[in-house]
Each structure stands twice: as C-alpha cells, then as structure tokens.
1. Go ahead and run the numbers for FRET between Lys118 and Arg53, Cβ-Cβ distance against an R0 of 25 Å, rounding to 0.05.
2. About the Cα centre of the stretch 24-120, what is the dipole size in debye to 20, counting +1 per Lys and Arg Cβ and -1 per Asp and Glu Cβ, all else neutral?
3. Across the stretch 40-52, in residue order, what do the Karplus-derived ³J(HN,Hα) couplings come to in whole Hz, using 6.51 cos²θ - 1.76 cosθ + 1.60 with θ = phi - 60° and x for Gly and Pro?
4. Pull up all non-local amide H partners of Ala26: gap of 5 or more, or a different chain, and H-to-H distance under 5 Å with H placed in the peptide plane.
5. How would the stretch 24-120 be classified by its alpha-carbon gyration tensor: rounded, prolate or oblate, with rounded meaning a/c under 1.5 and the a/b versus b/c comparison settling the rest?
Amino acid sequence: MFVDNRGALARSRDYNVRRQEPRYFASIPVGLQRFLRFGPFVTRGVSLDISVRGMSALVCGAPRAGETVVISLSLRDAAIEMLATVRHSSDAKSGFEFYPLSTIAQQGIQAWIQELKKHEETLFPYPYAGAAKVGND
C-alpha cells in the first residue's frame, strides 16, 4: 500500500511490469564472476527464471545494482558465458539483464527455453483446463 508524504493512507499504485520476453522457471547452476578492486571474484548460485534477455538467480554474496558481471551457465550441450548488468539485488535474489548475446549463447538459451516450454504444461498445469474441455462439448 502506498503512503503519501503526509502519513495518510493513499490509493495503491498500479504495479505493472511488462517484459519484452517471457521468463521461464529454470533451476540451473550459475557461476557469477564479479570484478572487484582486488581482482575477479567467482561465486556460485542457482537460476530462478530465464529468458533470452535476462534472468534472476539466488547468488552467494549479492552483487550491487549496476555492476557488470559474467554469468556462466552449464546447459546440456555446452557451458556458455554471457556479460550482464545487475538490475536489482537483495539477499533473496538478483536480477540480470544480458548484453547482446553471442550466437552460441543465444542458441543455447533458446534451446533450453524450447525444452522448458515442452514440459511447462506438465510442471505447471492450468487448473481449469479440464473445465474448458467440458464446456466445449
């Protein structure tokens, strides 16, 4: 709920996030290389969701928003690395926006997303799918 500057309760602001690409739930081991004052620092984590333009992940040692990092993903066919900017970060999760991807990285992520799409309906079934079929008879 939004509280205006006088301390009185005000109407809630609409929160509408529009992504250019849909995100898909994925738990993939992630390596995160940060460039700190004393040199490169590698930490580990696990992805929460992914798209061709970005991802969110749980990472040990949250990076700062605005920081540029190198993300390593171990997909089935090959390991890929990509450059990303940290868009938001907390102890709970961090969000990353990819810089333009190499063709190998883009193909790897797209192949992984296609695999996720195949299994998405079995993992997260739409609860009213059966009712929709009955109503069409």
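1. Numbers: r = 21 Å, r/R0 = 0.84.
E(calc), rounded to 0.05, equals 0.75.
2. Working: 10 positive and 8 negative charges, 33 e Å.
Result for the stretch 24-120 is approximately 160 debye, rounded to the nearest 20.
3. Each residue of the stretch 40-52 in turn: x, 10, 9, 10, 10, x, 9, 6, 9, 8, 8, 9, 6 Hz.
4. Amide H neighbours of Ala26, under 5 Å, 5+ apart: Asp49, Ile50.
5. Values: a/c = 1.91, a/b = 1.55, b/c = 1.23.
Because a/c hits 1.5 or more and a/b exceeds b/c, the stretch 24-120 counts as prolate.
We did not get these values from a lab; they are worked out from the coordinates using the rules stated. What you see is a predicted model; the values in this text were computed from it and never measured. Heads up, the Cβs are rebuilt from the backbone with ideal geometry, glycines too, and the neighbour counts pull from every protein chain shown.
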